[in-house]
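The values are calculated or read from the model by the stated rules, or taken from the named source; none is laboratory data. Since we're looking at a predicted model, the values are computed, not measured. A quick note on method: Cβ atoms are made from the backbone with ideal geometry, for glycine too, and the neighbour counts reach across all protein chains shown. Just the protein is used for accessible areas: all its heavy atoms, side chains included, with ligands, DNA and RNA removed. Shrake-Rupley method; radii C 1.70, N 1.55, O 1.52, S 1.80 Å.
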Amino acid sequence: MTDTYDDLDDLDKVWHQDDPLLSRDVEVDFGLEERPVFDDDPAVEDRPEVVEELGAYDEFDDEERVVALHGHDRFRSGRVSRRKTTTLLHASTVTIAVGIGAIGVMLALVILMGRLLTARQLFFMAHSILGITIVQAFAAGLGTLCTEGDSRLKSGVRRLSTAAMAVAAWLASVIGTWLVYPGYRADAPHGADLALYPRQYLLRTPDLRFWESFAMEWNVHVGWITPFLATAVAFVALRYGKRLVADFQVRKMLTNLFVIAFATAVIAWLLGALVNIAAPNDYMHRAWNP
């Protein structure tokens, strides 16, 4: 059946005619010329090139019985194009991420070798940049968790943003705890300038002791809640993406965990900023000696 039917009634009659060849369900795909072609059409069997093109669809599980279209390139179908686009986007994302990381390492080496910044200043700058990354990842992830419906783009943004927030939270916590904080909490030798030792400066100043005994202690401990909660959200988003979209309760729970993770990061950042204002930061110019 390769003729074109302008009248829908005529097409309906032909569709329901008592023909053994049409007794089974066959998908029909209309091309640009609105010309239906069936995979059991005798005219198709006489054309080897069409039969060969029909066989290309066997590799797709959900399109095993999609039929050929005259004048239409099946290898450029919408599904294949989307898969190629997704692969290209993933490859581009990985390439950009690796490129940014390589550029960052090179800049760090240039800065340290040229003594443009001290190691402490460089680590503090990295800690601050990771905080900005957490904010951006949270905004993108929250937008995909709160809204209903799903798509390839939305799923990709949700997975990428939740994973990015988890990675950034871990890096920020590790750098802050073991690379920045040791210089802050170092004990001052006898007779040393307390401006180079902020923790000792705060403890020995009665009016400022609160910022060390409360604010800085909470900053260090509360900040570690963020990477654990962000990792839990990222794992569920990466492992159970479709179930996450279908189950409202699970999505709501993850949204709450995601918000709590970001809230703890904001609290840690705010307390750290207040301590930075109250305490001198000259310790960043000291020689590296954790």
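Residue count for the stretch 158-198 under the criterion of being over 22 Å from LEU254 (Cα atoms), hydroxyl-bearing (Ser, Thr, Tyr) and under 37 Å from the mean Cα position of the chain (by Cα): the result is 3.
Can you tell me which residues in the stretch 267-282 are open to solvent by 60 Å² or more (accessible area, probe 1.4 Å) and free of Cβ contacts under 8 Å to residues at least 40 places away in the same chain? Matches in the stretch 267-282: LEU270, ILE277. The residues of the stretch 241-252 that are hydrophobic (A, V, I, L, M, F, W, C) and surrounded by 15 or more Cβ atoms within 10 Å (Cβ to Cβ), listed by number, are LEU244, VAL245. The residue that is least open to solvent (accessible area, probe 1.4 Å), among those in the stretch 212-229 that are closer than 16 Å to ALA172 by Cα and without any contact (Cβ under 8 Å) to a residue 40 or more places away in the chain, is LEU229.
Among the candidates ALA237, ALA273, single out the residue that is within 34 Å of the chain's Cα centre (by Cα) and closer than 21 Å to ALA163 by Cβ. Give the derivation first.
Values: ALA273 fails: closer than 21 Å to ALA163 by Cβ.
None of the other options fit; the residue is ALA237.
The residues in the stretch 111-127 that are exposed (fewer than 15 other Cβ atoms within 10 Å of the Cβ) and either among the polar types (S, T, N, Q) or in a loop (DSSP other than H, G, I, E, B) (or both) can be counted, and the count is 3. Take the conditions (1) closer than 30 Å to THR93 by Cβ; (2) open to solvent by less than 50 Å² (accessible area, probe 1.4 Å); GLU148 misses just one of them, which is (2). Of the listed requirements (1) without any contact (Cβ under 8 Å) to a residue 40 or more places away in the chain; (2) closer than 20 Å to ILE260 by Cβ; (3) not charged (D, E, K, R), LEU109 misses just one: (2).
Does LEU196 satisfy being open to solvent by 40 Å² or more (accessible area, probe 1.4 Å) and in contact with a Ser or Thr (Cβ under 8 Å, 6 or more places away or on another chain)? Before the answer, list the steps.
On the way: open to solvent by 40 Å² or more (accessible area, probe 1.4 Å): yes; in contact with a Ser or Thr (Cβ under 8 Å, 6 or more places away or on another chain): no.
It is false that LEU196 is open to solvent by 40 Å² or more (accessible area, probe 1.4 Å) and in contact with a Ser or Thr (Cβ under 8 Å, 6 or more places away or on another chain).
Considering ARG286, ARG209, which residue is among the basic types (Lys, Arg) and without any contact (Cβ under 8 Å) to a residue 60 or more places away in the chain?
Values: ARG286 fails: without any contact (Cβ under 8 Å) to a residue 60 or more places away in the chain.
Exactly one of ARG286, ARG209 is among the basic types (Lys, Arg) and without any contact (Cβ under 8 Å) to a residue 60 or more places away in the chain, namely ARG209.
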